[in-house]
Each structure stands twice: as C-alpha cells, then as structure tokens.
1. Within the stretch 55-163, report the trypsin sites (Lys or Arg not before Pro) that DSSP leaves as loop and that have at most 16 other Cβ atoms within 10 Å.
2. Leaving out ligands, DNA and RNA, and with a 1.4 Å probe, what % of the accessible surface on the chain is carbon or sulfur?
3. At 222 nm, what value in deg cm²/dmol follows for the chain if DSSP H runs of at least 4 each add -39500 (n - 2.57) and the sum is divided by all its residues, to the nearest 500?
4. Below 8 Å between Cα atoms, with a sequence gap of 6+, how large is the relative contact order for the chain in percent?
5. Answer with one residue from Ser15, Ala48, Leu109: the one whose Cα lies farthest towards the positive end of the charge dipole of the stretch 1-136, charges on Cβ with Lys, Arg +1 and Asp, Glu -1.
6. Distance from the Cα centre of the stretch 209-259 to that of the stretch 135-195, in angstrom?
7. Please give me, ordered by residue number, the GluC sites (Glu not before Pro) of the stretch 196-259 that lie in loop per DSSP and have at most 13 other Cβ atoms within 10 Å.
8. Over the stretch 114-244, what per residue volume does the convex hull of the Cα atoms give, in whole Å³?
Amino acid sequence: MLFQIKAYLQFLWHSKNEHAVHSPFVFSLITKCLYDKKSKPEYTPLKAYRKSLLQNNNTIVVTDFGAGSKVFKSNTRIISKIAQTAGITSRRAELLFRLVRYFQPETVLEIGTSLGLASAALSLGNAKAKITTLEGCPETAKQAQEQFQKFNFENIDSVVTEFSGYLKSPQSLTTNYQFIYFDGNHSKEATLAYFDYLLTTITNDTVWIFDDIHWSPEMEAAWKIIKDHPKVTVTIDTFQWGLVFFRYEQEKEHFVIRA
C-alpha cells in the first residue's frame with residue numbers, strides 16, 4: 001500500500017491535462033472520451049449488473065491457476081465480496097465503455113473475466129463487436145456467464161482457459177484483436193509474456209489497455225518495458241491503466257494524464 005501511495009504522488013507530480021497535449025490524436029481521445037462526463041443510457045444496465053452481483057450472497061470456490069493449468073490455490077468466497085473487491089470500479093467501467101464506444105472495435109479480447117463487470121462495459125460499448133473473454137476459474141466464469149444471459153449480452157464468448165496456453169494457440173495468434181483489455185495476471189512475467197504473444201496481431205488501429213500498471217514495482221517495470229518497445233508509438237498513463245497504441249504515422253510519445 002505504501003508503494004502505491006508513493007507511486008500515486010509521483011503520478012500527480014508528472015500528470016497533465018488536455019492543455020499540455022499537442023498530439024491531435026491524443027487530444028481528441030482525452031476531450032471526447034476520457035473527459036466526457038455526460039451521463040449515458042448504457043450506465044443504467046452497468047449499474048444494474050453490478051447491483052445484481054452485490055446482492056448475491058451465494059458462495060463459490062475460487063481457484064487460481066499457475067503455469068500449465070496447475071492449481072495454485074483455492075478458497076471459498078462470497079460473490080458479493082468478489083464484486084466489491086476484485087471487480088472493476090463503476091467509474092472505470094464507465095470509462096471502459098466510453099473507450100470501446102469511441103474506437104468501435106469489431107474484435108475485442110479481455111484477459112481476466114472475473115464476474116464480468118468489465119465484460120459488460122465492453123459489450124455495451126459496441127453491441128456488434130465480437131468479444132472473447134478469458135477466465136481461468138470455472139466457477140467464477142460460470143457466474144459471469146449466467147450474468148451475461150440474464151442481461152442479454154449476446155456478443156460475449158466466455159472461454160474457461162489457462163491464459164498463456166490460449167494466447168499461444170494458432171487461433172489467438174491469427175486473430176486481429178482490435179481492442180485488448182489485459183486484467184488477468186498482475187505480474188511482470190505474465191504481463192510481458194502476454195504482450196509478446198499478441199504482438200503478432202497488432203495493426204495501426206490496435207488499442208491495448210493494461211490494468212494496474214502501478215500496482216507493484218514489478219508492474220511498473222513491465223510498464224516501462226512496454227513503453228520502450230520499438231513497436232509501441234503512443235502510450236497514456238492514467239495511473240490505473242496504461243493505454244498502448246501502435247500508430248505507425250506518429251512519433252514515439254508518452255503521456256501521463258489525469259483521467
């Protein structure tokens with residue numbers, strides 16, 4: 001916790017708003033999407049989805065997997081508690097919705113479904129998009145799948161799988177995922193592995209979002225390596241998220257933005 005406080009203070013010291021941004025692409029993204037404070041009709045089902053989970057006091061067995069699908073640990077947890085502590089916040093879910101609505105990707109990949117709070121935002125952002133969401137824990141994925149059916153999110157394909165194995169598969173490596181939300185494993189090793197696996201799928205319009213880039217020293221180290229990669233041209237650090245773009249026509253620039 002102390003590390004995160006220090007990291008946030010450093011973020012505040014270096015962060016800027018739209019007035020310090022001279023890139024038309026980033027300026028438009030900030031003013032039309034990140035800083036869009038207007039209420040949206042889609043926020044209502046997002047809130048209803050969250051409320052449904054927060055009112056669910058059933059218990060499930062949550063299993064964390066290590067390399068090669070080996071069980072790392074299992075424990076019994078209450079669904080409402082998972083939604084409170086492990087799911088995306090309401091504010092970030094709304095921002096994720098706006099990002100998908102802004103870029104309108106046709107193919108979306110989410111690494112780490114949990115209970116599907118972020119998946120719902122992805123689905124609402126573009127109902128025509130094909131969304132693939134990956135979850136390692138069968139019981140958690142089952143709860144998310146039931147929620148998707150309950151709220152009629154028909155464009156979400158929920159896959160129960162070990163992340164590395166799936167991302168290395170021919171199916172994944174040959175799919176042009178236009179938008180990827182990385183929220184499955186907050187370790188340096190795993191984050192960089194997923195980054196490397198999926199580099200073959202990038203195009204000029206690809207959008208990647210990495211969650212919890214300041215979670216730990218190793219996640220900050222992973223974020224620096226990603227920023228410095230020669231194929232990465234533009235990044236935006238919002239403290240919670242790191243947005244990554246591969247726009248060939250732009251010079252390499254890194255932004256720290258209060259969002």
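1. Qualifying residues, ordered by number: Lys70, Lys128.
2. Carbon plus sulfur share of accessible area: 53 percent.
3. On the way: 11 runs with 106 residues, N = 259.
Here the helix-only value at 222 nm equals -12000 deg cm²/dmol.
4. With pairs under 8 Å counted, the relative contact order is 16 percent.
5. Ala48
6. The stretch 209-259 and the stretch 135-195 have Cα centres separated by 21 Å.
7. On the way: sites: Glu218, Glu220, Glu249, Glu251, Glu253; in loops: Glu249, Glu251.
Passing sites in the stretch 196-259 are Glu249, Glu251.
8. Values: hull volume 13.9 nm³, N = 131.
Hull volume over Cα atoms, normalised by residue count, gives 106 Å³.
The values are calculated or read from the model by the stated rules, or taken from the named source; none is laboratory data. Please read these numbers as outputs of a predicted model, since none were measured by experiment. Neighbour counts run over all protein chains shown; Cβ positions are idealised from the backbone, glycine included. Ligands, DNA and RNA are excluded from the accessible area calculation, which covers all protein heavy atoms including side chains. Shrake-Rupley method; radii C 1.70, N 1.55, O 1.52, S 1.80 Å.
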